[in-house]
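Engineer: This is the structure I want to talk about, given as structure tokens.
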């Protein structure tokens with residue numbers, strides 16, 4: 001009788017989905033002598049205590065971020081850490097995209113509850129901010145030629161939207177300075193392009209196609225009510241690894257704003273993101289700084 005009851009319960013009672021509460025952070029470190037070691041969070045079992053926090057810029061990478069790990073013993077190699085790759089999210093939704101250059105590593109709290117703090121900037125920030133290039137491109141140079149030269153100088157991969165590959169400039173481009181500035185100046189020769197870099201790759205696409213292929217997220221859970229201020233809105237939501245700057249969000253009309261004329265705004269575009277996320281603690285928040293809009297469409 002008892003076994004039959006148990007079978008009935010297993011068959012007929014829907015088990016709660018816990019995947020979005022099963023928080024995952026994986027870390028992959030490299031050292032100056034070429035060694036690599038990883039810290040992985042299992043989907044099942046005891047989890048390492050890891051927290052990450054930082055901000056995502058409109059260029060699509062984490063400008064600065066911090067990693068805190070409890071009971072991490074790496075004595076002797078703290079000063080040798082050079083880069084880190086972070087994957088974060090949930091058991092059913094993981095994002096791999098934070099590439100960091102380690103700028104500092106120290107112990108915040110001693111044993112027995114030792115806490116190691118690792119401070120990072122975007123990957124290859126030294127190269128991105130200081131690498132220079134001497135460009136001498138005569139008129140009728142192609143966009144692909146310019147991007148290839150700059151990306152190769154940075155040591156980055158690159159991707160150019162196919163419709164832009166053969167775009168030609170009617171003016172010459174002479175430049176001697178930082179690669180990051182050179183990429184920005186390219187926009188004066190090709191005003192309809194958008195350029196992004198994630199610290200490892202330069203991506204060039206047309207502004208028109210970016211608007212056509214909008215990414216729209218519907219927000220259902222808030223940590224607090226949306227905060228409207230003038231022409232901006234701040235949204236506090238649980239961490240979601242798929243959110244990117246430039247994406248659009250929709251939220252319930254109960255939170256809508258009429259700050260501009262008589263239009264009702266419950267749609268917005270993400271400009272920047274602040275995040276804090278932990279595997280064990282209750283830390284789990286993204287603050288989306290957005291511009292309200294009514295142009296997402298149906």
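The values are calculated or read from the model by the stated rules, or taken from the named source; none is laboratory data. Quick caveat: nothing in here was measured; it's all calculated off a predicted structure. For neighbour counting, all protein chains shown are included, and Cβ atoms are generated from backbone atoms with ideal geometry for every residue, glycine included.
Engineer: Return the only residue of 115, 126 being modelled with pLDDT of 90 or more, under 30 Å from residue 243 (Cα atoms) and either surrounded by fewer than 16 Cβ atoms within 10 Å (Cβ to Cβ) or not assigned by TED's automatic domain parsing to the domain that holds residue 286 (or both).
Structural biologist: Matching residue, one of 115, 126: 115.
Engineer: Take region 75-91 and flag every residue that is at pLDDT below 90 and touching a helix residue (DSSP H, G or I) at 6+ places or on another chain (Cβ under 8 Å).
Structural biologist: Within region 75-91, just 91 meets the criteria.
Engineer: Does at least one position in region 40-49 carry a residue that is surrounded by fewer than 15 Cβ atoms within 10 Å (Cβ to Cβ) and touching a residue at least 40 places away in the same chain (Cβ under 8 Å)?
Structural biologist: yes
Engineer: Here is a further query. Of all the residues that make up region 188-229, how many are at pLDDT 85 or above, loosely packed, with under 14 Cβ neighbours inside 10 Å and out of contact with any strand residue (DSSP E or B) (no Cβ under 6 Å at 6 or more places or on another chain)?
Structural biologist: 5
Engineer: Looking only at region 151-168, which residues are surrounded by 16 or more Cβ atoms within 10 Å (Cβ to Cβ) and under 23 Å from the mean Cα position of the chain (by Cα)?
Structural biologist: 151, 154, 156, 158, 160, 161
Engineer: When the residues of region 106-120 are filtered to those that are closer than 13 Å to residue 73 by Cβ and part of a strand (DSSP E or B), which remaining residue is nearest to the chain's Cα centre (by Cα)?
Structural biologist: Per the criteria, the residue is 116.
Rundown of residues vs (1) at pLDDT below 90; (2) out of contact with any helix residue (DSSP H, G or I) (no Cβ under 9 Å at 6 or more places or on another chain); (3) under 14 Å from residue 278 (Cα atoms); (4) crowded, with 18+ Cβ neighbours inside 10 Å, yes/no style:
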{"site": "7", "(1), (2), (3), (4)": "yes, yes, no, no"}
{"site": "35", "(1), (2), (3), (4)": "yes, no, no, no"}
{"site": "63", "(1), (2), (3), (4)": "yes, no, no, no"}
{"site": "71", "(1), (2), (3), (4)": "no, yes, no, no"}
{"site": "93", "(1), (2), (3), (4)": "yes, no, no, no"}
{"site": "99", "(1), (2), (3), (4)": "yes, yes, no, yes"}
{"site": "107", "(1), (2), (3), (4)": "yes, no, no, no"}
